[in-house]
Amino acid sequence: MNLDLGILWIEDSFSAAEEEELKRRVRDAGFIARIESIRNGAEINELAKNHKLYHLYDLILLDYRLDGENGDDLARRVRPLFPSTTILFYSGSAAEDELRLLIASKNVEGVYCVARERFIERAGELIEQTARSLERLSGMRGLAMKVVAECDDLMKSAILSMTARDPNCASKLAELDRDVVEFVEEMKRRYEESPDGDLAARLGTRAVDSAKLFKHFRRLTKVAAAAPQTFGLSSEQTERLRELRKLSARYESLVLRRRNILGHVVEVKGEAGWMLQGSEEISVADFAEVRRSFAVHIDSLREITLLVTTLDGKKSD
């Protein structure tokens, strides 16, 4: 499962307001919208090649009246190029029944049709259907591991950059050392005491390195927020950094802890559908909210990393 939901929007009168509403619907379903817009089918073959390699698009929005061609003609090309991708065909000048007849006349299968005034609503419904099809523990478990792995990489790159740039960040290395040593000593103490217990006591001494990485990341981004000029940040960027630090402050509980829980619960059949066994903290009904938390945090860490490494990019230029 991916947290990013790719949308290819084929439209020659692109609306920023509609894009924001669509992104909101995607966020509500627990995903991050990655939207690419094109005016017609001129680039469709190249996009299809990349999609075949990397599965870039989960939904295609296709307008009827395009720049130099009609959407029903383009649909006949799009469907075989994106055989497993949901397509929503819409128009502001033709009724839904007319759109269905146009698609049928071109012998195109598996295309949803809707009038323009409610195509955002219909797109949201299709996105929610996609989300429900992914409501299984195996997918959520893989997603949690993927999110934490990317966040680890983001934080490592940011930490290395900030430490190299600011002596105040470099001086925080001793605090990281202390965290690690204290943690190792605590694990050693707990394990030495575990023979008084059973096997379960021994297994309870495992380490979670991502937590220490996040703690150090927080230290250094606090330094960056206090000395923005060292990192090439404007006053607006500094304020944004502070906002993002607040948004991501609960990363340990909302991402790391949930990753750990998802890694240890099991999925069983219940009268109302699939249930999770082994923890009272997360249920299948929470999956959308869990994905939303993941999305907020990974987006925040991505943006923080871009901000605090701004000068790295300028240096490479």
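The numbers here are math on the coordinates, done by the rules we state, and not lab data. Quick caveat: nothing in here was measured; it's all calculated off a predicted structure. Every residue, glycine as well, gets a Cβ built from its backbone with ideal geometry; the counts of neighbours run over all protein chains shown.
Projecting the Cα atoms of Leu47, Ala123, Phe14 onto the charge dipole of region 4-133, computed from C-beta unit charges around the Cα centre, puts Leu47 farthest toward the positive end. Comparing Lys212, Lys246, Lys222 in a Gaussian network model of the chain where C-alpha atoms under 10 Å apart are linked, the largest mean-square fluctuation is found at Lys246. A value for mean projected area of the Cα convex hull in nm² was derived from the coordinates, and within the list (i) 16.7; (ii) 21.2; (iii) 24.4 it appears as (ii). If you line up the long axis of helix 71-81 against the longest principal axis of the chain, both from Cα atoms, how many degrees apart are they, to the nearest 10? It works out to around 50 degrees.
For Glu175, neighbours were defined as the other residues whose beta-carbon sits under 13 Å from its Cβ, and their charges (Lys and Arg +1, Asp and Glu -1) total +4. Could you tell me whether region 4-106 comes out rounded, prolate or oblate from its Cα gyration tensor? Rule is a ≥ b ≥ c as square roots of the eigenvalues, rounded for a/c under 1.5, then prolate if a/b exceeds b/c, otherwise oblate. Because a/c hits 1.5 or more and a/b fails to exceed b/c, region 4-106 counts as oblate. Specify the inter-centroid distance of region 259-280 and region 1-33, based on alpha-carbon positions, in whole Å. Using only Cα atoms, the two centres lie 30 Å from each other.
Report relative contact order for the chain in percent, whole number only (criteria: Cα-Cα under 8 Å, sequence separation at least 6). Could you put the intermediate results ahead of the total?
Numbers: 384 pairs, mean separation 60.9, N = 317.
Rounded, it is 19 percent for the chain.
Bridging of Lys156 to aspartates and glutamates at a Cα separation below 20 Å is possible for Asp166, Glu175, Asp177, Asp179, Asp209, Glu252, Asp299, Glu303, Asp312, once same-chain residues fewer than 8 apart are set aside. Rounded to the nearest 10 degrees, the angle from helix 44-54 to the longest Cα principal axis of the chain is 30 degrees.
Only Lys, Arg, Asp and Glu carry charge here, each on its Cβ (+1 for the first two, -1 for the last two); on that basis the chain has a dipole of about 860 debye about its Cα centre. Relative to the dominant Cα principal axis of the chain, helix 287-308 is inclined by about 70°. Bridge orientation summary for the chain: considering DSSP beta bridges with both residues in this region, about 20 percent are antiparallel. Between region 48-66 and region 70-149, the alpha-carbon centres lie 10 Å apart.
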